[in-house]
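Worksheet: one structure, shown below.
The values are calculated or read from the model by the stated rules, or taken from the named source; none is laboratory data. Quantities reported herein were computed from a predicted structural model and do not represent experimental measurements. Positions of Cβ are generated from backbone atoms using ideal geometry, with glycine treated the same way; all protein chains shown enter the neighbour counts.
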């Protein structure tokens, strides 16, 4: 197996193959090229490779040719089915390390790891947690899971893309971390737009709201460590911010949204979490008690 120290004491940077040249794939290729890695690329629409080929990447004529070029094969595709579509016809994956950076469910990720191993390849799941323009910068980071020895052997190369974090041997863990973070991110962005629409109903411009929303998000950040501890210790003291009190606030947000004539799905969903806790006799507990109903919805 190639290691990041090169072979026979050489300092030659590891060759890498990258399959899938959407914005994220192109950003990864550019970062690898800048770090001195020989990069072979393949994309179903061949013209998408023109830019990175002009910067030094090698265009493969087929997925099989791309796979033959490097031990380390990065996949940046729409989903895991796309991996089967592209690599299914490739006859020989023996000795290859497949790092799938595509988004999908943890269960499908585990199935893919088994599929790769049956074909003689080693498999890592990856999830890059920044948008394409940030890839390769100090702010970039990514989750990985799968065999630790495979991760260790390629950590330096993967670090060119972004700070690599190994989350465990289970191939589904990186995907779970990825989706859990996006759960928070997407919900927060939707909440901001909902708040902007709520204020917009009174003629308030969204830019006037943005700094106040940022301040509220900072408050939420400050609450996270203590709230996370309560979730895992199952300790939800009702001395402050009870489910009943927070639920009343959720009810007021829903009423204001109804008056404004804007979409009600998000505030209804939030209120439902509090209603469930109150209905089970936990209204006097801290709002973190909502975790029970989220874990086991009834």
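For the reader, a short list of remarks on this structure follows.
- Flag for residue 123 being in contact with a helix residue (DSSP H, G or I) (Cβ under 7 Å, 6 or more places away or on another chain), touching a residue at least 12 places away in the same chain (Cβ under 8 Å) and crowded, with 19+ Cβ neighbours inside 10 Å: yes
- Residues that are within 33 Å of the chain's Cα centre (by Cα) and assigned to a helix (DSSP H, G or I), drawn from segment 279-298: 287, 288, 289, 290, 291, 292, 293, 294, 295
- Top-ranked residue of segment 151-163 - restricted to ones that are touching a strand residue (DSSP E or B) at 6+ places or on another chain (Cβ under 6 Å) and free of Cβ contacts under 8 Å to residues at least 60 places away in the same chain, ranked as surrounded by the fewest Cβ atoms within 10 Å (Cβ to Cβ): 163
- Filtered by the rule that a residue be touching a helix residue (DSSP H, G or I) at 6+ places or on another chain (Cβ under 7 Å), buried (at least 20 other Cβ atoms within 10 Å of the Cβ) and assigned to a loop (DSSP other than H, G, I, E, B), segment 43-83 gives 43, 57, 60, 76, 77.
Quick grid of which residues meet (1) part of a helix (DSSP H, G or I); (2) out of contact with any helix residue (DSSP H, G or I) (no Cβ under 7 Å at 6 or more places or on another chain):
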residue: 212; (1), (2): yes, yes
residue: 240; (1), (2): no, yes
residue: 250; (1), (2): yes, no
residue: 255; (1), (2): yes, yes
residue: 258; (1), (2): yes, yes
residue: 269; (1), (2): yes, yes
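- Just one of the numbered conditions (1) exposed (fewer than 13 other Cβ atoms within 10 Å of the Cβ); (2) modelled with pLDDT under 95; (3) at positive phi is not true of residue 234: (2).
- Candidates 216, 231, 204, filtered to the one that is part of a helix (DSSP H, G or I) and without any contact (Cβ under 8 Å) to a residue 60 or more places away in the chain: 216
A quick yes/no check of all residues on (1) over 17 Å from residue 197 (Cα atoms); (2) surrounded by fewer than 16 Cβ atoms within 10 Å (Cβ to Cβ):
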{"site": "240", "(1), (2)": "yes, yes"}
{"site": "246", "(1), (2)": "yes, no"}
{"site": "265", "(1), (2)": "no, yes"}
{"site": "273", "(1), (2)": "yes, no"}
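- Residue in segment 205-228 that is touching a strand residue (DSSP E or B) at 6+ places or on another chain (Cβ under 7 Å) and either modelled with pLDDT of 95 or more or exposed (fewer than 15 other Cβ atoms within 10 Å of the Cβ) (or both) present: no
- Lone unmet requirement of (1) touching a strand residue (DSSP E or B) at 6+ places or on another chain (Cβ under 6 Å); (2) assigned by TED's automatic domain parsing to the domain that holds residue 260 for residue 116: (2)
- Here residue 86 does not fit the description of being surrounded by fewer than 22 Cβ atoms within 10 Å (Cβ to Cβ), in contact (Cβ under 8 Å) with a residue 12 or more places away in the chain and assigned to a loop (DSSP other than H, G, I, E, B).
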